[in-house]
Structure formats: structure tokens, C-alpha cells
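First the structure, in the form of C-alpha cells, and then the observations on it.
Derivation of every value follows stated rules applied to the coordinates shown; laboratory data play no part. Nothing here was measured: the structure is a model prediction, and the numbers come from that model. Note that each Cβ is placed from the backbone with ideal geometry, even for glycine, and that neighbours are counted across all protein chains shown.
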């Protein structure tokens, strides 16, 4: 697994791939946090949150990425390209939440809820 510093470098590179317009009103930016965040819905040790989009009145809009969750889900020996691919997917997922929030849409939230339903049904 890449170190947290290496992951920050990768995250910075991936963030630069996105057009500046995506960052409108994302006043808190993108945070890489060291902890693992287990989902409150986890039925075992198998459901961790890789990233979250936040929109609060006092903190504004920002994205959190959880380094420890990547370690838990992909292992200590995950190849850097696997980490990069999963991080790209996670970052773009969270930016989709941000853009939908700005547009007053919630299609991705509905999709996430359906995936959670599949998890509970044992289909994932």
C-alpha cells in the first residue's frame, strides 16, 4: 500500500485532471484523512467509506477521503495502480455528489442507496 504522503501526491494529480468549474463552491477543498471509516451499515468488517461529500452550514462544501479505509479494503500490499484507480473512482464519485448538490439533484444518492440494498441482500 502506498503511504499516506504518496496517496496525497496521487490525490493531488487526480484532482488536477478535473476542470476548474468542478471546484465552484467547494470552499473546503479535498481532505485526505488518515483514519478508516467503517460504515454504520456494515454487517461485518467489510463495508468502509472511502470518501464522503459534505455540505454543512458552518463548514461549507468539502470532500473527505479516508486513507485508512483504502488500506482496510485493498490491503497493505495493494499495487499503486490499483490504489490510483480506486482513488480516481472515489474522487469522481464524490465530485458527482457535489455537482448534483449544486444542481439540486440526488440521482447518485439514490444509486448509493440501491447499492446498499444490494449489500444487505448479499448481492455485492
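Listed by Cβ neighbour count within 10 Å, with the fewest neighbours leading, 21, 71 appear as 21, 71. Stokes-Einstein diffusion for region 59-98, with the hydrodynamic radius set to the Kirkwood value over Cα pairs and evaluated at 25 °C in a medium of 0.890 mPa s, equals 222 µm²/s. Comparing mean-square fluctuations of 113, 36, 78 from a GNM of the chain with C-alpha springs under 10 Å, the top value falls on 113. The per residue volume of the convex hull around the alpha-carbon atoms of region 39-111 is 105 Å³. Hydrodynamic radius of the chain by the Kirkwood approach over all distinct alpha-carbon pairs: 15.3 Å. Between 52, 16, 94, the residue with the greatest mean-square fluctuation in the GNM of the chain (Cα pairs under 10 Å linked by springs) is 16. Only Cα pairs under 8 Å and 6+ residues apart enter the sum, and on that basis the relative contact order of the chain stands at 26 percent. Need one word for region 1-56: rounded, prolate or oblate. Basis is the Cα gyration tensor (sqrt eigenvalues a ≥ b ≥ c); a/c below 1.5 gives rounded, then a/b vs b/c decides. Note, shape of region 1-56 comes out oblate.
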